[in-house]
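Presented below is the structure to which this report refers.
Read-outs throughout are calculated quantities, based only on the coordinates presented, and are distinct from any laboratory measurement. What you see is a predicted model, and the numbers here were worked out from it, not measured in a lab. Neighbour counts are summed over all protein chains in view; Cβ atoms, including those assigned to glycine, are modelled from backbone coordinates with ideal geometry.
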Amino acid sequence: MNTGSPPRPRDVPNTLGLHALIWADHWDTEAAERSIRLTADAGYGLVELPVLEPDALDLGRVRRSLGRAGLGVRCSLGLPFDADISSADAAVVARGEDLLNRALEASAELGSPLLTGVLYSALGKYAQPPAASRGGAAGVLRRLADRAAPLGVDLGLEVVNRYESNLLNTCADALRLIDEIGRANVKVHLDSYHMNIEEPDFATPVAQCGPLLGYVHVGESHRGYLGSGHVDLAALFRALVDAGYTGAITFEGFSSPAPAGLGTTLAVWRRLWDDPGDVAVRAREYMESLLAAAAGARAAAAPPRPGHGTAAPRPGHGTAAVR
């Protein structure tokens, strides 16, 4: 779809992003370049690029495409079961650490200030609760954070539902792991699709995160058009505005056929749209409207300042003069 390159959003406090896989049913350098171009055409300020297989992309070409499009970038991945750093198998943990290190190098080369996603376990359904030791997850992520810091890259731990990990299903889970890792460049990544399943509401986890909230995904209950499901996105955006969150907010949606592997992992069985460009533009417009409404509500609720709509009382004018 060619949208005629609409103007980028200017009247919202956050950069709005789009997950690149909305455009793709496979993933390689050409698909990445096409996704970058179409994301810019849809009026977004950044694109989220998966680095599931970091060596599969020509990173120089992709970075040049980002520069031509004028887009910011965030990188993400979820670990496979044979590279699960929460495993009790040392060889599996080692494969996971190697994959994370290569993904970090790719993120830095692409200019992403964040490597995020399910970095702490496999992305998929487990048959048992996590081991008490949680395998080597905290140690691997501590070393990864130490490598990321001089590169100017933060790590995001995406909190996902019980069917996509057994380790971090709530914001509180993520905060406990971050405390165990003990590094300042590890942040929480919240996602409305998963919060809608696991959290009691939207305001509580946003408030719990405070300054540790590093990234936000917005997705509907069925992963389709925003506003057509039952996720209370207005409540989420009010919580973000009230918390003073100024980071990126990225729309993530999926429709069948999804890129190889993810369709099965995420159970993307239905075709939820025919025109990804229409989904993308409508999502941006919807998020802009929610941000504007939340900002307006906060401004209306704020008490007026003296000299801004009210006059400070003077002695003898409605108050008793002090003698």
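Loop-only check: which trypsin sites (Lys or Arg not before Pro) in the stretch 267-306 are DSSP coil with at most 10 other Cβ within 10 angstrom?
Filter output for the stretch 267-306: ARG271.
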Per the Kirkwood formula over distinct C-alpha pairs, the hydrodynamic radius of the chain in angstrom is 20.6 Å
Dividing the mean separation of Cα pairs under 8 Å (6+ apart) by the residue count of the chain yields a relative contact order in percent of 17 percent
Checked against the positive end of the charge dipole of the chain (+1 on Cβ of Lys and Arg, -1 on Cβ of Asp and Glu, about the Cα centre), the farthest of ALA149, SER192, ALA294 is ALA294
With +1 at each Lys and Arg Cβ and -1 at each Asp and Glu Cβ, the charge dipole magnitude of the stretch 16-301 around its Cα centre, to the nearest 20 debye, comes out at 380 debye
Here the stretch 120-170 gives, from Cα atoms, an Rg and Dmax in Å of 12.4, 38
